[in-house]
Amino acid sequence: MDAIDQAQQDLTRGENAQARDRLYAALRTAPASQSILELLAYTHLLMGDRAAAGAAWFLTSKADDDPTASAAFEALEARHRSPIALARVLPINAPSEYYPAQAQERLARLSAAIRSNGQQWVPPRDTVYFDEVGVDSDDFLDDEFPTPTTDGRSRRPIRQRVVATLIIVAIAATSASVVLAIVFS
């Protein structure tokens, strides 16, 4: 029996909080699951929390003009007056491209609203970490300041290469220490 079936059984027994908690836990293993997000939104509606339902529906393909969803979106915006506050309550557990086009459009509008307020926000899972794609010392080089040579080509300053290498070594050492702490604690 999967999390959705278990949550539906919880809801039939009237254990709404249990269903909600089960669905949030399921989002950790199926981060962009539309069926989990949909059931989570309905669970929040059953619990009388329209704003939380809006947060779950925000990441689905639910149409903005759907009467139930639009009321939930309005409640979400009313509860969280600033765009950054609204962004922080979204149950984002996957990169934004994993969500349907409608959700990606909402996230893009939200990001634009946050930027217009002079703030910055990147959906949490849109951050790229070095161990996912690798890091090259050239990633830290500044192309606007090349050092020209006599043959017309440009070389990177040695100081810039040393700083980039030290940053990479520091990142690797930090990661290694965290892994060792987890393994041996």
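The values are calculated or read from the model by the stated rules, or taken from the named source; none is laboratory data. For clarity, every value in this text was computed on a predicted model and none was experimentally measured. Ideal geometry is used to build each Cβ from the backbone, glycine not excepted, and the neighbour counts take in all protein chains shown.
The set of residues from region 40-81 being touching a Leu at 6+ places or on another chain (Cβ under 6 Å), under 17 Å from ALA103 (Cα atoms) and either of a type outside the set (A, V, I, L, M, F, W, C) or surrounded by 19 or more Cβ atoms within 10 Å (Cβ to Cβ) (or both) comprises LEU40, ALA53, GLY54, ALA55, ALA56, PHE58, LEU59, THR60. Look through LEU37, LEU27, LEU107 and report the one residue that is modelled with pLDDT of 95 or more and in a helix (DSSP H, G or I). Among LEU37, LEU27, LEU107, only LEU37 is modelled with pLDDT of 95 or more and in a helix (DSSP H, G or I).
Scanning region 82-95 finds no residues that are more than 14 Å from the chain's Cα centre (by Cα), of a type in the set (Gly, Ala, Ser) and surrounded by 16 or more Cβ atoms within 10 Å (Cβ to Cβ). Pairing residues of region 83-100 that are closer than 17 Å to ALA53 by Cα and assigned by TED's automatic domain parsing to the domain that holds LEU27 with residues that are acidic (Asp, Glu) and surrounded by fewer than 16 Cβ atoms within 10 Å (Cβ to Cβ), at Cβ distances under 8 Å and at least 6 apart in sequence or on separate chains, gives LEU86/GLU77. Taking the condition under 19 Å from the mean Cα position of the chain (by Cα) and closer than 22 Å to ALA25 by Cα, does ALA41 pass? Yes.
Based on what the data block shows, is ARG79 more than 22 Å from PRO123 (Cβ to Cβ), basic (Lys, Arg) and modelled with pLDDT of 95 or more? Spelling it out, it is not the case that ARG79 is more than 22 Å from PRO123 (Cβ to Cβ), basic (Lys, Arg) and modelled with pLDDT of 95 or more. Within region 1-31, the set of residues being within 22 Å of the chain's Cα centre (by Cα) and closer than 24 Å to GLU74 by Cβ comprises ARG20, LEU23, TYR24, LEU27.
From the list ASP64, ASP49, the one residue that fits, being more than 15 Å from LEU90 (Cα to Cα), among the acidic types (Asp, Glu) and in the same structural domain as ALA94 (by TED's automatic domain parsing), is ASP64.
Any idea how many residues of region 14-37 are surrounded by fewer than 20 Cβ atoms within 10 Å (Cβ to Cβ) and farther than 21 Å from PRO124 by Cβ?
Summing the residues that are surrounded by fewer than 20 Cβ atoms within 10 Å (Cβ to Cβ) and farther than 21 Å from PRO124 by Cβ in region 14-37 gives 6.
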